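These notes concern the structure reproduced below.
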């Protein structure tokens, strides 16, 4: 029996979940900007207390590793690594876009069509998104990339496949790709720590753990600090 604490902070969603044997037993989350540092440890304490667990009873910590918000990723990964160091527990990293794809496939709220591709998107500002493509079995079809969306984006895939776009970066695609009958959009999708459950269990059972001392988030792009307004 494996009990895994799961952390998702790659977007505006701050989410933590507790899973046991690949089943979510409890979770807490909020979708709001700049609140991750304020609530994440509180949410973890509340989850464990609700299940009458202490920290030492956890078997592993899983974290959404990016790409995504620089600040959000730093908070989530730092929290996960701190717990792993303090508790001497293994660290499991789940690529954020892959977790999003599994979230859609396992939520039961959407029935994928044969031959459909899944396109999770994370807002990277302006018309740029972090994205990848997956088939309905969760297999990666296109590698993760930072793409600038225009009228030609995904054209070779849209010729032969329906593509479901979702995530906080998908909204900006509607004006450029929304007229294509093969482009479908899933509204109101929010990243959640519950989406890590399938991959976290697989990696735990396979012993696929990260080196806690050297692990860093998958930023994909260098961080560029904005200027403060005077």
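Based on what the data block shows, is residue 60 under 21 Å from the mean Cα position of the chain (by Cα), under 16 Å from residue 19 (Cβ atoms) and either at pLDDT below 95 or assigned by TED's automatic domain parsing to the domain that holds residue 197 (or both)?
Yes: the conditions hold for residue 60.
What do you reckon, is residue 72 closer than 21 Å to residue 146 by Cβ, crowded, with 17+ Cβ neighbours inside 10 Å and touching a helix residue (DSSP H, G or I) at 6+ places or on another chain (Cβ under 6 Å)?
When the stated conditions are applied, residue 72 passes them.
List every residue pair whose Cβ atoms sit under 7 Å apart, with the two residues 6 or more apart in sequence or on different chains, where the first one lies in the stretch 198-209 and is within 13 Å of residue 6 (Cα to Cα) and the second, anywhere, is part of a helix (DSSP H, G or I).
198/102; 198/106; 199/98; 199/99; 199/102
Step by step: first the residues of the stretch 172-197, then only those that are assigned to a loop (DSSP other than H, G, I, E, B) and free of Cβ contacts under 8 Å to residues at least 60 places away in the same chain, then the one that is nearest to residue 73 (Cα to Cα). Which residue is that?
In this case the residue turns out to be 188.
Only one of 90, 120, 67 is in the same structural domain as residue 176 (by TED's automatic domain parsing), touching a strand residue (DSSP E or B) at 6+ places or on another chain (Cβ under 8 Å) and either farther than 17 Å from residue 185 by Cα or touching a residue at least 40 places away in the same chain (Cβ under 8 Å) (or both); which?
120
Checking the condition at pLDDT 95 or above, surrounded by fewer than 20 Cβ atoms within 10 Å (Cβ to Cβ) and closer than 19 Å to residue 191 by Cα, which residue from 8, 23, 46 passes?
23
Check 115, 138, 178 and return the single one that is at positive phi and surrounded by fewer than 15 Cβ atoms within 10 Å (Cβ to Cβ).
Just a single option satisfies the conditions, and that option is 115.
Quick one: which of 83, 97, 73 is assigned to a helix (DSSP H, G or I) and more than 20 Å from residue 42 (Cα to Cα)?
Result of the check over 83, 97, 73: 97.
Can you go through 41, 106 and tell me which one is at pLDDT below 95 and either within 18 Å of the chain's Cα centre (by Cα) or surrounded by fewer than 22 Cβ atoms within 10 Å (Cβ to Cβ) (or both)?
None of the others qualify; the one that does is 106.
Report whether or not residue 136 is in contact (Cβ under 8 Å) with a residue 60 or more places away in the chain and touching a helix residue (DSSP H, G or I) at 6+ places or on another chain (Cβ under 9 Å).
no
How many residues does the stretch 6-65 hold that are within 20 Å of residue 198 (Cα to Cα) and in a strand (DSSP E or B)?
Counting residues in the stretch 6-65 that are within 20 Å of residue 198 (Cα to Cα) and in a strand (DSSP E or B) gives 23.
Can you name the number of the only condition in (1) over 17 Å from the mean Cα position of the chain (by Cα); (2) surrounded by fewer than 17 Cβ atoms within 10 Å (Cβ to Cβ); (3) in the same structural domain as residue 122 (by TED's automatic domain parsing) that residue 213 fails?
The number of the failed condition is (3).
The values are calculated or read from the model by the stated rules, or taken from the named source; none is laboratory data. Because the structure is predicted, anything quoted here is derived from the model rather than measured. Glycine also receives a Cβ, built like all others from the backbone with ideal geometry; neighbour counts cover every protein chain displayed.
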